[in-house]
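Below: the structure, in C-alpha cells.
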Amino acid sequence: MVYFVATPIGNLKDITYRAIETLQNADVIFCEDTRHSLKLLNAYDIKKPLLSCHKFNETEAAEKIVAAAREGKEVAIVSDAGMPVISDPGSIVCRALKEAGIQYTVIPGANAALSALILSAFPADRFAFIGFLPDKAKDRMELLAKYAAFEGTLIFYVAPQDIQKDVQSMYEAFGERSACAVREITKIHEESIPFTLSQGFTQEPRGEFVVVVEGLTRPEENPLNKLPEKEHIQYYMGQGMDKKEAVKQAAKDRGVPKSEMYKYSLDL
C-alpha cells in the first residue's frame with residue numbers, strides 16, 4: 001500500500017497518531033527533502049530508509065514507488081510540510097499509481113491554506129485555492145483574470161520575495177479588495193495581517209505567506225449600471241468630474257477594476 005502522509009506545517013506536534021503509525025510501519029519513506037523530513041522523523045524516533053521525491057526527479061521517483069508497491073512494500077510519501085501534492089510534488093506519482101492499478105490512500109492532517117482561511121476571518125462557505133502565481137507577468141495576469149468575477153474567497157501561496165509583486169498584480173486584476181497575509185502558521189510568531197490591495201503589503205516580507213483575498217462583492221443595483229459603459233463614464237463627466245475621476249467612480253459602481261472601464265474612455 002502507498003500512503004500520502006500529511007506532516008506538520010510548523011509546530012511538530014501537529015501530526016496525527018495515524019500518521020506516526022504509518023511512518024513507523026513504512027518500509028521506505030519518499031521525501032521532498034530528506035534532510036528536512038529527518039528532523040520530524042528524529043523527533044518521533046522513526047528510523048527508515050529515506051528516498052527523495054521532488055519536482056526535479058518525480059517521474060523517476062514514481063517508477064521506484066510503483067516498483068516498491070508491486071513488491072508488497074509499505075510506502076509512505078511526505079512533502080516538507082502539510083499535504084503532499086497540494087502545491088508540492090506528488091501529482092505525477094498519483095497518476096503513475098492509477099495507471100499501474102496500485103491502490104493508495106491519504107493520511108490527512110495540517111494544511112496551510114485552510115488554516116489561513118480560518119485565521120483571515122473571510123467567508124469560508126465558498127473559496128478557491130489558487131496556490132503560487134506564475135513568475136511571468138503576462139501569465140500571472142491571465143490566471144488572475146479568470147478569478148476576477150469569483151464571489152468566493154481566494155487563497156494564494158506567496159514567497160516573501162514575491163509578495164509586493166503578487167499583491168500589485170492582484171490589485172490590477174481585482175481592483176480594491178480587503179486581504180489578509182498570514183504567516184508563521186502554528187508557530188510562536190504566527191500573524192494574520194489585514195490590508196487592502198491598493199495599500200499593498202507594507203510590512204517586512206519575512207516567512208512564507210498565505211494571502212487570502214475577499215471575493216467579488218456585487219454592488220447593489222445602481223440604475224447607472226444599466227447604461228453602456230461609455231455613457232456611464234460620460235454621466236459623471238457631465239456632473240463635473242474629470243475623466244480619471246469618472247472612470248474610477250464608474251468602475252466602483254460596477255464592481256470592476258478601473259482598467260476594465262478605462263478602455264471605454266479613450267476617445268472621450
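Remark: spin-label model distance LYS73-LEU50 equals 1.6 nm, labels positioned 7 Å along the Cα→Cβ axis.
Counting only helical runs of four or more DSSP H residues, what would the 222 nm mean residue ellipticity of the chain come to if each run contributes -39,500 (n - 2.57) and the total is spread over all its residues? Kindly include the intermediate steps, with their values, before the conclusion.
Numbers: 10 runs with 99 residues, N = 268.
It comes out at -11000 deg cm²/dmol, rounded to the nearest 500.
Per-residue accessible area (protein heavy atoms, 1.4 Å probe) orders TYR44, TYR3, TYR262 as TYR262, TYR44, TYR3, starting from the largest.
The distance separating the Cα centre of the range 187-246 from that of the range 24-99 comes to 43 Å.
How much of the accessible area of the chain, in percent, comes from carbon and sulfur atoms when a 1.4 Å probe is used? Please list the in-between numbers first.
Details: 7530 of 14640 Å².
Carbon and sulfur together cover 51 percent of it.
Tell me the Kirkwood radius of the chain: reciprocal of the mean inverse pair distance over distinct alpha-carbon atoms, in Å.
Working: mean 1/r = 0.0474 Å⁻¹.
That comes to 21.1 Å for the chain.
Protein heavy-atom accessible surface, 1.4 Å probe, per residue over the chain: 55 Å².
May I ask which of LYS187/LYS258; LYS136/LYS187; LYS146/LYS244; LYS146/LYS230 have a Cα-Cα span longer than 30 Å here?
Working: LYS187/LYS258 39 Å; LYS136/LYS187 32 Å; LYS146/LYS244 26 Å; LYS146/LYS230 24 Å.
Distance filter (> 30 Å) returns LYS187/LYS258; LYS136/LYS187.
Peptides 93-103, 159-169, ordered by how many other C-beta atoms sit within 10 Å of their residues on average, highest first, read 159-169, 93-103. At the residue level, THR217 shows approximately 90 square angstrom of accessible surface with a 1.4 angstrom probe and all protein chains present.
Model label sites at LEU227 and ALA159, defined 7 Å from Cα along the beta-carbon direction, differ in position by 4.7 nm.
The values are calculated or read from the model by the stated rules, or taken from the named source; none is laboratory data. Predicted model only: the values in this text are computed from it and were never measured. Glycine gets a Cβ as well: all are built from the backbone with ideal geometry, and neighbour counts include every protein chain shown. With ligands, DNA and RNA removed, areas are computed over all heavy atoms of the protein, side chains included. Shrake-Rupley method; radii C 1.70, N 1.55, O 1.52, S 1.80 Å.
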